[in-house]
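Shown next, in structure tokens, is the structure this report addresses.
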Amino acid sequence: MEAILNLIKNGAVAVTVNKRLARRFQRAYDTLMKNEGTRAWETPLILPLSSFAARLREEARPDKPLLSATRAGALWGKIVEEDGREGTPLLNPEGVASASFEAYSLIREYRIKLPSDDIYLTDEARALKRWSAVYDNEVERLGFIEPSALFDEVIKYLKAGRAKAPERLVIAGFDEITPSESRLISALKAAGSDLVFWPGDDTTPAGSVTIRPMEDEVAEAIEAARWIRTLPEDSIVGVIAPDLRKYRGAIVREFAAELNPPSVLPGAEVHEVFNISLGLPLYSDPLVKSALDILSVGLIDEDLHKLSLILLSPYFAQSMEEGLAFASIDAGLKKDNCLKASLFDLRARLGRAGRDAARVERWITALRSQRGKDAPSRWALLFGALLKETGWLKGVKLGSKEHQSLDALNKLLEELSTLDEVLGALTFKEAVAGLKRLASVTIHQAEVPDCRVEVMGLLESAGLKFDYIWLIGADEFSLPKAPAPNPFIPLFIQKEHNLPLSSHERELEFARRTLERVLRSAPSIQASFPKVTEEKECDASPLLKGLGRADETFIASKWPSSRLKDTSRLNVLSEVYADPSLVPVGEAELKTLSGGTAIIKDHSICPFRAFAIHRLKAVEVPDTELGIAPMKRGSILHEAMRAFWDKLKGSDGLKTAMEKKELNDIVRDITREAIKGVDVAPLSDKFLEMERQRLESLLLDWATVEAKRGDFRVKAVEQETEFILSGFKVKGRIDRIDEAGGNDVVVDYKTGTVQRNDWLTARPLDPQLLIYSMAGACGAVTFARLAPGECKFVGLSHEDNILPGIKGFENDSLRAKAWPDKDWEGLLGFWKTVIEGLARGFVEGVVAVDPNPGADGKADPCKLCELPALCRIAEYGTPHGNGEENDVEGDGDGD
Ligand code: SF4
């Protein structure tokens, strides 16, 4: 590089393949100047080739502006959208516009002529031709130069002597040169530039390579970060990902946690220790997104999730207290299963909650005044004013990255205001859609100072040298990439012109060339790949064949973790701490406890769950559901079953109804009554009728199961009961009690999965029936599993033949396995002890985070629990379970 810097010092212009390399050159040049003792020097011309061309064109023809990328994209998008409106509607207009505009640019770049006879073209290529013609006319009419014509324009001016070629030009870091770049370089040479290519024939030997198989992409990112911590602090490290898009999230998260542990703390303002070349669409920036969410809301009913995004946004609430109030309004709307809501609902709910609704009032007023069509520049101003009216960001303290996001949003509004000629007059909704489109094509990357750790894709690494490299994601699917031809250009044309991503051969050749260059870019290279990716087994890239491979038994602990949670855990382990884990229920609290048998059930599932729900009053905010929510469906079923047995009274009534063929009519009447008045808006009554038919069929299925029983009489339905357990009152409602052969049979309806295999253990996951067995002379307890095609009894019985499919306890397989020496009375006594023990644990204040693994050790109640954010179980990993689900949520029977 030294020779090149000397050329630059002597007046050469350097054009680079990308901004990153231009910055690297600039830094190296500044260092050279300082080392030579120079105190002030002229900034050399080091810039990407496209910026250099734009500069030459600007000097040659300042009167004819270049169409900006934003305007070009907006104009193309408008043409595609209008064409879709007139012809076949497009399913994804943004995706179509983006892919077709890329095809348009490729055609210009490679000087491709599509066949004039449309018969040789696909529908997509015909559309491309149509859109290109309209676009070219519009660009001409507006008096701009199209961006992809930039190089050809410069060539024209160089030939005409209107643009001046530099005497000496360094061309740096190009892995491959596109046809239009090649034409421009030739024209510069013809115009008198002395060309120097860098690095030219690079004779640097390839570095030593260690290949590391890892479990998955996250493990790769974690290991790469930990390895970086072991390197000398003044070394320059490159992390190069052939598929950076796939790895970006894991790298950002894991590198921050490992290389800059304090940065994970909420509100932390920390300096960056790595930079990453791939930005994200501005649309996905949280601050910008929250502004766009606000602008997307009109005066009509909106989908609730749109309002929820605003109510729960940290950029909308002006204080912690207001944020909690908004969250409670949001929870209220969800609890009422409002699928849609408007600003007027929001205003009314704030009023009812005794909150100031002035902000929403001003928002409504501002929206009312914005009607009709207007120019984008006018909308840009109004959007800014509207955001201010809603109080967005007021009282919110922004960090430096958020300030950059805000600047980017303001720039976006400026861009919108330049589109008057391109887009014409728009409605409010169209203007918001236009702004969102701009945000989705504008790539935003917060400015980060130069860092010693640089994360980049294969192309961005061109020309760069490092002390160490980690090649992440060097797997068989990414290196080389699978071809992905542009759908708007016929494949035979793409292959003929050797377009990027057009064939396996091209991608293999490109990957081979870039990999060779990467391997020469540092003396030491780690190359990792995931053993499994996207649920597929995966091997290292075949291009790494023959290079070193680390031991498969490589373990993470080789490079220790520096994450806050790991280091703090180590500290905890090294400290003696007496944790009583008891938070006893006081006398006064005991009287206020409510929650019925669910308290015992939750305590058995996990003591912390019971503590959080029944004592801390943690409440899950439900999701809204289209149609009937599961809870409501459960109560409709209970109501139908109650009416069924109120009418038939037992086995005699059931048999008679069956013999007289009256059962269908009875069930139809009962189900009609059960769903009467159920609100399923916006779905029609047809949906409700389908629900009724489903319920009718379930009841008839269940009747066939009941008909297999011997004689029984329904003694009680939905019976309220009370138990005093460890000094507190536990209320319950028994779905049904039958009398059969002198025994009470306790029945609990369940629509979810049921199991009884933990009924002989001290921690049954669903102890409800066990509690009810204490209500009287119990001869059997059973779930009535009510599921289409799977209706059956699942329980335990004192004697044979009380319930179909259930043997007497003496002969039950569960007893044979666990308790060969116990009888039914012993079982009831055991259950009493178990239930009282659980109740005592709850009252004495056992609050341990201790999810119940079930009788087989495979249950994982955390999977269905809504509290992991509160108990933070994930920080220690779920100790139990293999992912099998238990029906811990119950079946909506309200217990
Ligand atoms: S998520 Fe698991 S550990 Fe946490 S409260 Fe729920 S069941 Fe207990």
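The values are calculated or read from the model by the stated rules, or taken from the named source; none is laboratory data. Predicted model, so just to flag it, every value in this text is computed and none were measured. Methodologically, a virtual Cβ is constructed for each residue, glycine included, from the backbone with ideal geometry; neighbour enumeration extends over all protein chains shown. Surface areas here come from the heavy atoms of the whole protein model, side chains and all, with no ligands, DNA or RNA. Shrake-Rupley method; radii C 1.70, N 1.55, O 1.52, S 1.80 Å.
Per-residue extension of 0.36 nm, minus the Cα-Cα distance of Ser377 and Glu620, leaves a gain of 83.0 nm for this segment. Net charge dipole, segment 281-444: roughly 340 debye, given to the nearest 20, about the Cα centre with Cβ charges of +1 for Lys and Arg and -1 for Asp and Glu. Under 16 Å of direct C-alpha separation, and excluding same-chain neighbours fewer than eight residues apart, Lys159 reaches these lysines: Lys189.
Loop-located trypsin sites (Lys or Arg not before Pro) in segment 707-769 (DSSP state other than H, G, I, E, B) with a sparse environment of at most 15 neighbouring Cβ atoms within 10 Å: Lys708. Could you count how many Lys pairs in segment 281-444 have their Cα atoms under 14 Å apart, skipping same-chain pairs fewer than 8 positions apart? Count of close lysine pairs: 6. Relative to the longest principal Cα axis of the chain, at what angle does helix 244-259 sit, 0 to 90 degrees, rounded to 10? Roughly 80 degrees, rounded to the nearest 10. Note on Phe344 and Ile119: the extension gain reaches 75.4 nm, defined as 0.36 nm multiplied by sequence separation minus the Cα-Cα distance.
Calculate how steeply helix 320-335 sits against the longest principal axis of the alpha-carbon atoms of the chain, using the helix alpha-carbon long axis, and give the answer as 0 to 90 degrees to the nearest 10. Roughly 60 degrees, rounded to the nearest 10. Scattering from the chain was approximated by placing one identical point on each alpha carbon and applying the Debye formula without solvent; log10 I(q)/I(0) at 0.05, 0.08, 0.09, 0.11 1/Å stands at -0.45, -1.00, -1.16, -1.39.
Using the Cβ-Cβ distance between Ser813 and Glu215 with R0 set to 45 Å, the FRET efficiency works out to roughly 0.65. The slack in the chain from Gln318 to Ser284, taken as 0.36 nm per residue of separation less the alpha-carbon distance, amounts to 10.0 nm. So what is the relative contact order for the chain, in percent, with contacts set as C-alpha pairs under 8 Å and at least six apart? Computed over the chain, the figure is 12 percent. Here the accessible area of the chain is 53 percent carbon and sulfur, with a 1.4 angstrom probe and all protein chains present. Going through segment 1-59, which trypsin sites (Lys or Arg not before Pro) have at most 13 other Cβ atoms within 10 Å and a DSSP loop state? Here the sparse-neighbourhood loop sites are Arg39. Under 5 Å between amide hydrogens, built in the peptide plane, is the criterion, and for Glu302 it picks out Ala341, Ser342 among residues at least 5 positions away or on other chains. For segment 69-144, the relative contact order is 33 percent, taking Cα pairs closer than 8 Å that sit 6 or more residues apart in sequence and dividing their mean separation by the residue count.
For segment 69-144, the spherically averaged projection of the C-alpha convex hull amounts to 5.3 nm².
Using only Cα coordinates, the Kirkwood hydrodynamic radius of segment 305-448 works out to 16.8 Å. For the set Ser461, Ser319, solvent exposure ranked by accessible area (probe 1.4 Å, protein chains only) runs largest to smallest as Ser319, Ser461. Between segment 771-824 and segment 174-247, what is the separation of their alpha carbon centroids in Å? One Cα centre to the other: 69 Å. With each label modelled as a point 7 angstrom along the Cα→C-beta vector, the Thr761-Glu659 pair spans 4.7 nm. With a Förster radius of 60 Å applied to the beta-carbon distance between Val264 and Ala787, the computed FRET efficiency rounds to 0.85. For segment 1-94, the set of chymotrypsin sites (Phe, Trp or Tyr not before Pro) satisfying both a DSSP loop assignment and a count of at most 15 other C-beta atoms within 10 Å is given as Trp41. A simple rule links phi to the HN-Hα coupling: the Karplus curve 6.51 cos²θ - 1.76 cosθ + 1.60 with θ = phi - 60°, which for segment 853-868 gives x, x, 5, 9, x, 10, 6, 9, x, 4, 4, 10, 8, 8, 10, x Hz, with x for Gly and Pro.
Counting only protein chain heavy atoms and rolling a 1.4 Å probe, the accessible areas of Met33, Met690 rank, largest first, as Met690, Met33. The charge dipole of the chain, taken about the Cα centre with unit charges on the Cβ atoms of Lys, Arg (+1) and Asp, Glu (-1), comes to about 2100 debye, rounded to the nearest 20. Centroid-to-centroid, using Cα positions, segment 325-351 and segment 480-519 are 53 Å apart. Site pair Leu700 and Glu587 shows an inter-label distance of 6.1 nm when each label is modelled 7 Å from Cα along Cα→Cβ. The alpha carbon radius of gyration of segment 670-748, expressed as a multiple of 2.2 N^0.38 Å, is 1.53.
Estimated at the nearest 10 Å², the accessible area of Asp243 is 50 Å² with a 1.4 Å probe. Taking every C-alpha pair closer than 8 Å and separated by at least 6 residues, the mean separation divided by the residue count of segment 669-815 gives a relative contact order of 18 percent.
For Met456, Met658, the ranking by accessible surface with the largest value first comes to Met658, Met456, using a 1.4 Å probe. Antiparallel beta bridges, as assigned by DSSP with both residues in the chain, represent about 45 percent of the total such bridges.
Here the calculated FRET efficiency for Ser235 and Leu299, from their Cβ-Cβ distance with R0 = 56 Å, stands at 0.45, rounded to the nearest 0.05. Computed from Cα positions, the angle between helix 400-417 and the longest principal axis of the chain comes to roughly 70 degrees.
Rounded to the nearest 20 debye, the dipole magnitude of segment 69-144 is 240 debye, with +1 charges on Lys and Arg beta carbons, -1 on Asp and Glu beta carbons, and the Cα centre as origin.
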